[in-house]
1. Less than 9 Å Cβ to Cβ from Ala207, Lys/Arg counted +1 and Asp/Glu -1: what total charge do the surrounding residues give?
2. Can you list residues from other chains, or at least 5 along the same chain, whose modelled amide H is less than 5 Å from the amide H of Asn28?
3. With a cut-off of at most 15 other beta carbons within 10 Å, and DSSP calling the residue loop, which trypsin sites (Lys or Arg not before Pro) in segment 94-199 qualify? Please list them.
4. Can you list residues whose amide H is under 5 Å from Val131's amide H, if they're 5+ apart or on another chain and H is modeled 1.01 Å from N?
5. Within 14 Å, Cβ to Cβ, of Ala56, how many net charges do the neighbouring residues add up to if Lys/Arg are +1 and Asp/Glu are -1?
6. From the gyration tensor of the Cα coordinates in segment 5-207, what semi-axes in whole Å does the equivalent ellipsoid have, largest first, with each one equal to sqrt(5λ)?
7. Need one number: % antiparallel among DSSP beta bridges in the chain, to the nearest 5.
8. Counting only helical runs of four or more DSSP H residues, what would the 222 nm mean residue ellipticity of the chain come to if each run contributes -39,500 (n - 2.57) and the total is spread over all its residues?
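Rule-based calculations on the coordinates, nothing more; no lab input. All values reported here derive from a predicted model rather than from experimental measurement. All Cβ positions, even for glycine, are placed from backbone atoms using ideal geometry, and neighbour counts span all protein chains on display.
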Amino acid sequence: MADAVLYEVSDGLATITLNRPEAMNAMNTEAKVALRDAVQAAAGDKAVRAVLLTAAGDRAFCVGQDLKEHIGSLMADRKAGQGGTMSTVHEHYNPIVRALTQMPKPVVAAVNGVAAGAGFGFALCADYRIVADTASFNTSFAGVALTADSGVSWTLPRLIGPGRATDLLLFPRTITAQEAFEIGAVNKIVPADELAETARKLALLLASGPTVAYAALKESVAFAADHSLDEALEKEDVLQSRAGASEDHAIAVKAFIAKEKPKYLGR
């Protein structure tokens, strides 16, 4: 992977680190390509059982699109009579969002600072968001005359409701970690100096857990959000049969009877 994004796999955990702290981890083309490749690699690697998405530095998780590069691309497009700059949504952001939300393994986002625009979007794609008490969030899109991308139109309303989501999108403003927690956008707040260790422990716990069951839980929650109760019940039936046939379930039952801690294999 490129230096703009670091990728490491250890103990079943893939750690993906946005690594442009000098630019508040803004997404230039190099970073977008590297992040796309990293999340897709994690999604397809059977040795990876959980993913930790984090960022270097202490100021920002990610402030979204690198506007310095963006304005240069827009000017070049206009000079050439073309409009390829916004293809980044199709080429980069959409594949990143799909890989994060649809991979059959849990994703933890450790938000260390400002998460704005696509940076906010990437954090929202995680299954669990643990944030520093100094973190903050902003949709940002309307502030630069753009609409939502990076999945925000889908993820944010599901977490905080369509009314609150529309308010934050129409009237972009910075919300604190505490407010984000209160409206349901994040799961846990920790002191900034404890974030890295706490997030890694949590992600490693998930990496050692029942991977098949986690995948089914992600799939069932996403499915139920867009389907009727009867359809959700049918889906639960199918997924429970899959989980019940897993080696992890057999291990869990044997460990329960023996009053031992299960050691899951992730299959």
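1. Numbers: positive: Arg49, Lys105; negative: Asp11.
Around Ala207, the charge tally is +1.
2. Residues meeting the amide H criterion: Asp66.
3. Numbers: sites: Arg98, Arg129, Arg158, Arg164, Arg173, Lys188; in loops: Arg173.
The qualifying sites are Arg173.
4. Those lying under 5 Å, H to H, from Val131 are Val111, Lys188, Ile189, Val190.
5. Values: positive: Arg20, Arg59; negative: Asp3, Glu8, Glu22, Asp58.
Neighbourhood net charge equals -2.
6. Working: eigenvalues 130, 83, 47 Å².
One finds semi-axes of 25, 20, 15 Å for segment 5-207.
7. Values: 8 of 30 bridges.
Around 25 percent of the beta bridges assigned by DSSP in the chain are antiparallel ones.
8. Working: 11 runs with 126 residues, N = 267.
Roughly -14500 deg cm²/dmol at 222 nm, from the helical runs in the chain.
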